[in-house]
Structure formats: structure tokens, C-alpha cells
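Reading through the C-alpha cells given below for one structure.
The values are calculated or read from the model by the stated rules, or taken from the named source; none is laboratory data. Computed from a prediction, not measured in an experiment: that's the story for all the values here. So basically every Cβ, Gly included, is an ideal-geometry build from the backbone, and we count neighbours across all protein chains shown. Side chains are part of the model used for accessible areas, which takes the heavy atoms of the whole protein and leaves out ligands, DNA and RNA. Shrake-Rupley method; radii C 1.70, N 1.55, O 1.52, S 1.80 Å.
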Amino acid sequence: MTGAPAAPVALSRSRGVLHALLDAPGRRNAVTPDLLDALHAAVDTAEADPGCRVLVLSARGEHFCAGTDLTAPVPEPAAGPEAELPYWTLLDRLTRTPVVTVALVEGRATAGGVGLAAACDLVLAGPGARFRLTEALVGLVPAMALPFVARRTGEQRAFTATLLAEDLDAPAAVAAGLADLHAGEPAQALRRTLVALSRVDRSTAGALKAYRSRLFPRDARLGQDAGRVFLDRLTDPAVQPLLDRIPTPERAV
């Protein structure tokens, strides 16, 4: 008798912290509808607990996140005039939740996985971390990830990293602004970061994040536009031959 498939995200708690471990290493922790649902649920859990100040995203295996699973059906926006794709909604939510979000990247973050890390308030990069926006190599545009990368690196640096599909190690990611800290001992670096964050209460962190959003606002329609650009390229017949070059086990961007 076959049991239920394992959850793509495993949650655990420590004092004031919710840890969300991307736990589908066999799929390179690719972005799937199940993963997005599980990460939204993790944010729900963190927000519902008034004692939770920090949400930490990390991953099991060699990949932090390999991006969108292209073997899954083409994603569809939620219904309504302001429809956005679920991936965008998650990234936007990570920037706006009053809980501080921390990405602990110890393996490869590729394509949409870069966006997932970049949307977090703090990014800690271990010695094995690599960051690479690969979409342009297969005819796609990282329309949803790019705004979150650019808010860290600046517009031109994000554009260059995308156009050249640069493969950034941890020191290069810090130099670019994509990561905040290169940590030789990631677990120790995370502990130090959590100690520092424990000195700031949740309401203050939330107020700071809310003010940052007002200080550097995004166009209210950007989520819609980003999803449309991504889907237009994904469904363009001229792009399909490029996508077909990707081996089936690796079809994620």
C-alpha cells in the first residue's frame, strides 16, 4: 500500500522562530503548486502566532530551489481583475509580512529559486551556495523574480546577471547585493542572526517593513504584468524548441 506523498515543506519551531525546510530534494526543491501552497501555509502559521518573529526558509539537498517545474501544467492566475500568479503572490507576501523572513541558502538557487531567496528580508549564503538566473538560456524572461532581485542588486546588475546567466558563488552574491552574508559556518551564522533579530520586536520589524514598502513602492499592476510576460514566453511556440533542450529530470527554471 502506497502512502501519501511527502510534504514538500517541513515545519519546525524554536523560540520565536518558524523554520520552513524545502524538503523535496529528489525534485531539486522545484517550484510546484504544492510547494507554493505549503510556503503560503508556512507564512499563515508564522503570522497567526503572535510570538513568532522570524520565518526561516532553508532546503534539504544540493539545491535550495531549482525554479518553476516545467513538467507541471502551465500556471494560471487567480480569478479576478487583479489576477496574479501564485509564485508572484508568495514573493510579494514574503516582502510584506510583519514577520522577518530569512533565506538560508546552502546549495544552488536557480531561476525562480533566486527570486524566492531575494524576496526574503535577509539572505545568508553558505559555502556551497550558487545563484543563477537561467531563464534567458531557454527563451524565457524571469519577469516575476527580476523585480525582487533588482530591489537588492539594482536594475542594471540584475539585468546583467540575467542576460549573461551569471553563476554567482556566495562571495559574488554578497558583492552583488543578492545575499547579505557569506557564512562559512551557516548554522552558526543563522544562530547569530536570530540572536540579533531577537532584540527587535515583531511590531517594530513589521512597521519597518511597511515603511520600506511605502518608501520604495512597486507599481500595483506589476504582478499582473510580470505573470503575463512569463506566460507569453512560456507558451510561445518559438520558445518551445529551446525548452525541449532541457532534459526531463531537470525541467525547472
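Being touching a helix residue (DSSP H, G or I) at 6+ places or on another chain (Cβ under 8 Å) and either in a helix (DSSP H, G or I) or at pLDDT below 95 (or both): is that true of Pro127 here?
When the stated conditions are applied, Pro127 does not pass them.
Please find, within region 111-134, the residue that is surrounded by the fewest Cβ atoms within 10 Å (Cβ to Cβ) out of those that are of a type outside the set (A, V, I, L, M) and within 10 Å of the chain's Cα centre (by Cα).
Result: Cys120.
Being crowded, with 21+ Cβ neighbours inside 10 Å, modelled with pLDDT of 95 or more and polar (S, T, N, Q) is the filter here; which residues of region 59-103 pass it?
Once the filter is applied, which keeps residues that are crowded, with 21+ Cβ neighbours inside 10 Å, modelled with pLDDT of 95 or more and polar (S, T, N, Q), region 59-103 yields only Thr101.
Answer yes or no as to whether Arg218 is out of contact with any His (no Cβ under 8 Å at 6 or more places or on another chain), open to solvent by 60 Å² or more (accessible area, probe 1.4 Å) and modelled with pLDDT under 95.
yes
Of everything in region 1-50, what is part of a strand (DSSP E or B) and touching a strand residue (DSSP E or B) at 6+ places or on another chain (Cβ under 8 Å)? Give them in sequence order. If you could, list the steps in order and put the result at the bottom.
Taking region 1-50 as the starting set, the residues that turn out to be part of a strand (DSSP E or B) are 9-14, 17-22, 31.
Val9, Ala10, Leu11, Ser12, Arg13, Val17, Leu18, His19, Ala20, Leu21, Leu22, Val31, listed by residue number.
If I filter region 174-206 down to residues being in contact (Cβ under 8 Å) with a residue 60 or more places away in the chain and of a type in the set (Gly, Ala, Ser), which single residue comes out as most open to solvent (accessible area, probe 1.4 Å)?
Step one: list which residues in region 174-206 are in contact (Cβ under 8 Å) with a residue 60 or more places away in the chain, which gives 178-179, 186, 189-190, 193-194, 197-198, 200-203, 205-206.
This time we only want the ones that are of a type in the set (Gly, Ala, Ser), so: 179, 189, 198, 203, 205-206.
Details: Ala179: 5, Ala189: 1, Ser198: 63, Ser203: 85, Ala205: 12, Gly206: 14 Å².
For region 174-206, the residue satisfying everything is Ser203.
Considering only region 135-171, how many residues are outside any helix (DSSP H, G or I) and either closer than 21 Å to Gly107 by Cβ or open to solvent by less than 20 Å² (accessible area, probe 1.4 Å) (or both)?
Of the residues in region 135-171, 11 are outside any helix (DSSP H, G or I) and either closer than 21 Å to Gly107 by Cβ or open to solvent by less than 20 Å² (accessible area, probe 1.4 Å) (or both).
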